[in-house]
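> Take a look at this one; I'll ask things after.
Since every read-out is calculated from the coordinates, none of them should be taken as a lab result. Given the structure is predicted, the values throughout are model-derived calculations rather than measurements. Counting neighbours? That spans all protein chains shown, and the Cβs are built from the backbone with ideal geometry, glycine included.
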Amino acid sequence: MSNFVNNLYKNQALFYKIFLFILTSILIVYLLPKGGKFKYDIPKGKPWQYENLYAPFDFAILKTDDEIKSEKQDITSSHIPYYEFNEEIPERVKKDAQVEVQNVFADSTLKVYENIIDNFVGKTVDKIYQFGLLQESNRLNPDQLIYLLRGNEASEIAYKKILRQNGIRSFLNTEIENAGFSSFKNELLEVFFNSVEPNVIFENELTQKELDSKLSSISYTRGIIEQGSRIIAKGEVVEGNKYNILRSLKAEYESQVLSQSNYNLIILGYSALVSLALLMLLLFMRKYRNDIFENNVKVTFIFFNIIFMVLLTTFVVNFNIDYVYIVPLCILPLTLKAFLMPGLDCLPTY
C-alpha cells in the first residue's frame, strides 16, 4: 500500500496530464453538434441557386407563426365559458322570502292577500332563478353562448338569459306591475332584496382548462410532402408555399432523432478523433518541447485555450452560423507560440 502511494505521489504530474486529457476530451465531445445540419441556404424572395431539390423523406409542412397565432385567436374568441349554477340557493331564497313576507307586510294585509302574495313571491323567485342570478356585470356579449353547469350536466344557453344583479330592480318592477301589485311595490321589493342572492358564478378553472386543451390540440402542420417529390427547381423564386416547404424540410432534417446505435457510433467516432488529436499534441510536446510538457501550468493553459475556442465556436454557431467567421481561431496558435514556444520555428505562422 505504501509503495502504491509513493508511486502515485512520484507520478502525480503524469496522472494530472491523464486527467486533463480525459476531461478535455469529454468536454469537447459534449460541445460538438450531434445532429445534422441543412446544407442549403433558403433565400426568401430570391431565385433558388442550387439544383432541383427533391424530398429525401416524407415530412409535414409546418404552419407559419401567423397561421398558428390566428388559429389561437379564433379558438380563444369562440371558446364557450362555463358558469356554475348553485341549486341550493333558490330553495333557501324561497323559504327566506316567505319568512320576509310575514315580517314586512302588516297582519291586516296578510289576512286578505297572504296566499296571493305567497304565490306571487314563489313564482317570481322561480323566474329569477330559472337560469340563475349572476353578480357580475355584462362582461360578455349578450348573444354569447355559455355552458351553465347544474350538477354534472351542462346546458348551452345565451348569456343574456342569466339575470344580472344590477338588473334585478327593473326585473322586479316589471313583474310587480304586470301582476297588479303596484300598491305593494315597496313591501315586495323589500322582501326580495332581503332574501335574493346570486347563485351563478364564473367557473374560471374549468373554462381555462378546456381552453388550454383546445390550444394544445392545435396542429402545427398542414399537408405531407412524400419522398421523391420535387420541392423546388433551380431558378424558381423562394416565396409563399415553396418557402414554407423548404423551411419545413430544414426543420425536419435538423430535428431528426438518431437511433441509439447511430448515436453511439457518432459519440465513439468523435471520441476517437478528439482523443487522437489531443494525444498527438501531448506526444509532440513530449518529443520536441519537453520543458513545456513537464510544466503542468503551461499544459493546462494550452488545453484551456482549446476548450475555450471550441466553446466560443459552439456558442456562435448556435446563435447565428453566419457569424462563425468572426471567431478568432487563428489567434490560438499565435498565442501559444508567443507565450509558450518563443523559439519554436516549426510551427506555421500566419
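> Report the calculated FRET efficiency for residue 141 and residue 103 (r = Cβ-Cβ distance, R0 = 56 Å), to the nearest 0.05.
Calculated value: 0.90.
> Below 24 Å, Cα to Cα, which lysines can residue 94 reach? Residues fewer than 8 away in the same chain don't count.
Partners found: 111, 123, 127, 160, 161, 185.
> If you take the square roots of the eigenvalues of the alpha-carbon gyration tensor of segment 190-290 and sort them as a ≥ b ≥ c, do you get rounded (a/c under 1.5), prolate (a/b over b/c) or oblate?
Oblate.
> How big is D, in µm² s⁻¹, for segment 39-198 by Stokes-Einstein at 25 °C and 0.890 mPa s if Rh is the Kirkwood radius over C-alpha pairs?
120
> Write out the chymotrypsin sites (Phe, Trp or Tyr not before Pro) in segment 30-92 meeting two conditions: DSSP loop, and at most 16 other Cβ atoms within 10 Å of their Cβ.
Here the sparse-neighbourhood loop sites are 38, 40, 50, 57.
> Ok, one more. Give the residues of segment 95-135 whose amide nitrogen is closer than 18 Å to a point set 7 Å from the Cα of residue 87 in the direction of its Cβ.
95, 126-133
> Select from segment 65-139 those trypsin sites (Lys or Arg not before Pro) which occupy a DSSP coil region and have at most 16 other Cβ atoms within 10 Å, ordered by residue number.
139
> Sticking with this one: According to a simple spin-label model (label point 7 Å from Cα along Cα-to-Cβ), what is the distance in nm between residue 251 and residue 273?
Those two pseudo-labels are separated by 2.9 nm.
> Please work out the ratio of the alpha-carbon Rg of the chain to 2.2 N^0.38 Å and round it to two decimals.
Taking N as the residue count of the chain, the ratio is 1.96.
> Can you tell me the length gained on complete extension of the stretch residue 227 to residue 60, counting 0.36 nm per residue apart and subtracting the Cα distance?
Full extension of this stretch gives 59.0 nm more.
> Nearest 0.05, what FRET efficiency do residue 76 and residue 290 give at R0 = 51 Å with Cβ-Cβ as r?
For R0 = 51 Å, the calculated efficiency reads 0.10.
> Here's a follow-up. Which residue fluctuates most in the GNM of the chain (Cα springs below 10 Å): 211, 163, 110?
In this elastic network of the chain, the residue with the biggest mean-square fluctuation among 211, 163, 110 is 110.
> Given the Cα-Cα distance of residue 155 and residue 318 and 0.36 nm per residue of separation, how much length would full extension add, in nm?
53.5 nm
> Find the lysine pairs in segment 199-300 meeting two conditions, Cα atoms under 18 Å apart and a separation of 8 or more places or different chains, and report how many there are.
Qualifying lysine pairs in segment 199-300: 4.
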